[in-house]
1. Go through the range 87-145 and give me each residue that's small (Gly, Ala, Ser) and at negative phi.
2. For the range 107-147, which residues satisfy the criterion of being more than 13 Å from the chain's Cα centre (by Cα), more than 16 Å from ligand 1 (Cβ to nearest atom) and under 14 Å from Leu63 (Cα atoms)?
3. Would you pick out the residues in the range 32-54 that are away from ligand 3 (no atom under 12 Å from the Cβ) and in contact (Cβ under 8 Å) with a residue 40 or more places away in the chain?
4. If you take the residues of the range 16-34 that are within 15 Å of ligand 2 (Cβ to nearest atom) and loosely packed, with under 13 Cβ neighbours inside 10 Å, which of them is nearest to Asp56 (Cα to Cα)?
5. Pick from the range 97-119 the residues that are surrounded by fewer than 19 Cβ atoms within 10 Å (Cβ to Cβ) and in contact (Cβ under 8 Å) with a residue 60 or more places away in the chain: which of them is farthest from ligand 2 (Cβ to nearest atom)?
6. Which one of these does Leu63 not meet: (1) touching a residue at least 24 places away in the same chain (Cβ under 8 Å); (2) among the aliphatic types (A, V, I, L, M); (3) within 18 Å of Gly120 (Cβ to Cβ); (4) within 16 Å of ligand 2 (Cβ to nearest atom)?
7. Among the residues of the range 53-81, write down those that are within 16 Å of ligand 1 (Cβ to nearest atom) and farther than 19 Å from Pro144 by Cα.
8. Residues of the range 120-147 being surrounded by 13 or more Cβ atoms within 10 Å (Cβ to Cβ), in a loop (DSSP other than H, G, I, E, B) and not acidic (Asp, Glu), which ones?
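Bear in mind these aren't lab numbers, they're just calculated from the coordinates by the rules spelled out. Please read these numbers as outputs of a predicted model, since none were measured by experiment. Every residue, glycine as well, gets a Cβ built from its backbone with ideal geometry; the counts of neighbours run over all protein chains shown.
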Amino acid sequence: MTVDSLGRVFLQEDVDSITVNVYGGNDEIEIDDDLDVPTFLIGGLGRDEIEGGKGDDLLIGGLTIYDNDAVALAKIRDAWTAPLSYSTCITNLRTGAGGVPKLDVTTVIDDQVKDKLKGGDGLDWFWAGVLDKVKMKPFEEFGPPAP
Ligand SMILES: [Ca+2]
Ligand SMILES: [Ca+2]
Ligand SMILES: [Ca+2]
């Protein structure tokens with residue numbers, strides 16, 4: 001069972017993906033460990049605790065320049081949840097392939113406070129700053145491409 005921002009309840013089989021953007025304030029986003037759908041989770045300003053579930057989660061501790069642009073966020077979600085490999089989805093988002101809004105050091109902005117990010121199972125992608133605490137698996141990707 002899944003509940004949206006308006007309090008509506010969905011059956012899990014009817015949910016393809018989940019996008020959560022909580023903006024300012026110290027927020028907690030927790031996706032159930034058993035929920036196997038891809039998610040796109042943005043903490044925004046404030047000390048946020050973001051926990052992914054069993055699916056592939058894209059976790060951002062700070063802000064993006066797209067946070068007030070629902071169309072851009074939906075395009076990012078679609079690129080992240082596309083039926084392509086983990087590394088292809090990430091490359092497409094890093095490079096802006098096919099017109100998707102790019103995720104790079106100019107569009108994802110750290111909010112300089114301590115966020116906690118945890119991905120859980122699945123293949124997750126993390127964007128965090130130096131102050132943030134990140135719990136990720138060694139083969140998972142972090143932020144921009146390695147220099
Ligand atoms: Ca926040
Ligand atoms: Ca934050
Ligand atoms: Ca996960």
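1. As a first pass, look at the range 87-145 and keep what is small (Gly, Ala, Ser): 87, 96-99, 119-120, 122, 128-129, 143.
Within the range 87-145, Ser87, Ala97, Gly119, Ala128, Gly129 qualify.
2. The answer is Thr107, and nothing else.
3. Keep residues of the range 32-54 that are away from ligand 3 (no atom under 12 Å from the Cβ), which gives 42-49.
Within the range 32-54, Gly43, Gly44, Leu45, Gly46, Arg47, Asp48, Glu49 meet the criteria.
4. The residue in question is Glu28.
5. Only one residue fits best here, namely Lys118.
6. (3)
7. Asn68
8. Gly120, Gly122, Leu123, Ala128, Gly129, Leu131, Met136, Gly143, Pro144
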